[in-house]
Amino acid sequence: MKILIVGSGGREHAIAWAASKNKKVEKIYCAPGNAGIAEFAECVDIGAMEFDKLVSFAKEHTIDLTIIGMDDPLVGGIVDIFEAEGLRVFGPRANAAIIEGSKAFSKDLMKKYEIPTAAYENFTDPQKALEYLETVKMPIVLKADGLALGKGVLICNTLEEAKEGVKTLMLDKQFGDAGNEIVIEEFMTGREVSVLAFCDGKTIRCMTSAQDHKRAKDGDKGLNTGGMGTFSPSPFYTKEVEEFCEKYVYQKTMDAMAAEGRPFTGILFTGLMLTEDGPKVLEYNARFGDPEAQVVLPRMKNDMIEVMEACIDGKLDQIQLEFEDNAAVCVVLASDGYPEKYDKGFEIKGLDTFKEKEGYYVFHAGSKFDGDKIVTNGGRVLGVTAKGEDLKAARANAYAATEWIDFANKYKRNDIGKAIDEA
Ligand code: AMP
Ligand code: GLY
């Protein structure tokens, strides 16, 4: 079996690693990939949005299954194009990926089908948004409707900040067309949990829970990033929370999408906030989380490719997911200065240490070859994941492993998973 993975981050590295464990898989390609993914896959110099080239490549190389890792191509309709060409592909079609691509869509879906989420209003007219702000309690949350690399969410403590936020999103268009429409949403407090699930359009099977750390600095300070580290499972995602979400969130979301004529096949990522009034949906994504995949996939006992095939064939009801009874922590090693300005091109040393170590992984997010060296090539450079018998052990192992790696402007958070001490 030949596989093509579309994407180039730590998530796609984790997907390539999981795919490589399937005995039927004889060859993996990744477009565009990175230096770490090259351990499992032949990297192909085609961008994730170059749909025509990807289709031609899949045909020429008789690819049996293409897995789309990233949000942009999914929202842009890559799955529809592959399907129209008779190619087998894992991921939601554009009309279902909109659950991530438009926050206004997902909020309206939740309202219509009574899925618990924060109270909100959608606006396309900045003047109306400003008038509405006069009537609401602070803090308040403003969200650009479209994809904005996880950065189009503004939490505003005062009316002035909120008005400024409307200007930033809708008039200055800091996130481009993503700000043509905005959601203004009630501010919630509580623990955040990410739950990834395989979906076949009808059936949804949740994976083990995880929690991300989005801010750049210790103590959840600093700017929002793509994610500075994760742990799995979340001790705050109790049986009770899980049962509530099974009843009121996951299957309801699947049924809602099907009822709208948008059956969802692929990975549904539900971002939850565990509020005093119960769990509420913060957001949906239409793909694996990054770096959630880096802690969830290493703990999965099932063969990922078999589960993906069951999703495509509408047979997910025949599969039960199983996870190891342990924990995993991923600490992101970034370039100092991320997510703003940073230098890259520095040699990364120590990567080989991971090869002999069971239960330790180094997933590359931004790296490339420079001759026979591997050098830094992004803000997030590596995700160092380690397993342990429990979260504390996994955290100690992951932090110990971050010391095996060396590059010039290495930066990490020191408190990934620290919240577990309060559990
Ligand atoms: P989102 O992309 O919608 O998940 O938002 C990014 C981050 O902003 C979330 O992970 C939360 O930390 C925060 N956030 C989003 N919506 C709210 C809300 N209604 N109340 C409080 N925090 C929020
Ligand atoms: N880690 C958050 C995301 O993948 O959107």
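The values are calculated or read from the model by the stated rules, or taken from the named source; none is laboratory data. Predicted model only: the values in this text are computed from it and were never measured. Cβ atoms come from the backbone with ideal geometry, glycine included; neighbour counts cover every protein chain shown.
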Residue within the stretch 173-180 that is without any contact (Cβ under 8 Å) to a residue 24 or more places away in the chain, touching a helix residue (DSSP H, G or I) at 6+ places or on another chain (Cβ under 9 Å) and either within 16 Å of ligand 1 (Cβ to nearest atom) or of a type in the set (Val, Ile, Thr) (or both) present: yes
Subset of the stretch 209-243 (residues that are basic (Lys, Arg) and either touching a helix residue (DSSP H, G or I) at 6+ places or on another chain (Cβ under 8 Å) or within 10 Å of ligand 2 (Cβ to nearest atom) (or both)): 214
Scan of the stretch 194-214 for residues that are surrounded by fewer than 23 Cβ atoms within 10 Å (Cβ to Cβ) and not in a strand (DSSP E or B), ordered by number: 201, 202, 203, 214
Residue within the stretch 265-272 that is touching a strand residue (DSSP E or B) at 6+ places or on another chain (Cβ under 7 Å), away from ligand 1 (no atom under 14 Å from the Cβ) and among the hydroxyl-bearing types (Ser, Thr, Tyr) present: yes
In the stretch 273-302, residue surrounded by the fewest Cβ atoms within 10 Å (Cβ to Cβ) [restricted to those that are of a type in the set (S, T, N, Q) and near ligand 1 (Cβ under 10 Å from one of its atoms)]: 275
Filter pass, residue 170 being buried (at least 22 other Cβ atoms within 10 Å of the Cβ), on the phi < 0 side of the Ramachandran plot, within 16 Å of ligand 2 (Cβ to nearest atom) and of a type outside the set (S, T, N, Q): no
One residue from 225, 238, 230, 189 being loosely packed, with under 15 Cβ neighbours inside 10 Å, among the polar types (S, T, N, Q) and touching a residue at least 60 places away in the same chain (Cβ under 8 Å): 189
Cβ pairs under 7 Å, 6+ apart, first in the stretch 151-166 and farther than 17 Å from residue 128 by Cβ, second part of a helix (DSSP H, G or I) and within 16 Å of ligand 2 (Cβ to nearest atom): 152/178
Matching residues in the stretch 150-164 - criterion: being crowded, with 20+ Cβ neighbours inside 10 Å and either modelled with pLDDT of 95 or more or assigned to a loop (DSSP other than H, G, I, E, B) (or both): 152, 156, 162
Yes/no for residue 58 being buried (at least 16 other Cβ atoms within 10 Å of the Cβ), in a loop (DSSP other than H, G, I, E, B) and of a type in the set (Gly, Ala, Ser): no
Per-region count, the stretch 261-282, residues touching a helix residue (DSSP H, G or I) at 6+ places or on another chain (Cβ under 7 Å) and either more than 14 Å from residue 206 (Cα to Cα) or in a loop (DSSP other than H, G, I, E, B) (or both): 7
Selection status of residue 257, buried (at least 20 other Cβ atoms within 10 Å of the Cβ), away from ligand 1 (no atom under 16 Å from the Cβ) and either under 18 Å from residue 116 (Cα atoms) or among the basic types (Lys, Arg) (or both): yes
Any hit, the stretch 226-233, residues being among the hydrophobic types (A, V, I, L, M, F, W, C) and closer than 22 Å to residue 105 by Cα: no
Leading residue by the ranking (surrounded by the most Cβ atoms within 10 Å (Cβ to Cβ)) among those in the stretch 1-25 that are outside any strand (DSSP E or B) and among the basic types (Lys, Arg): 11
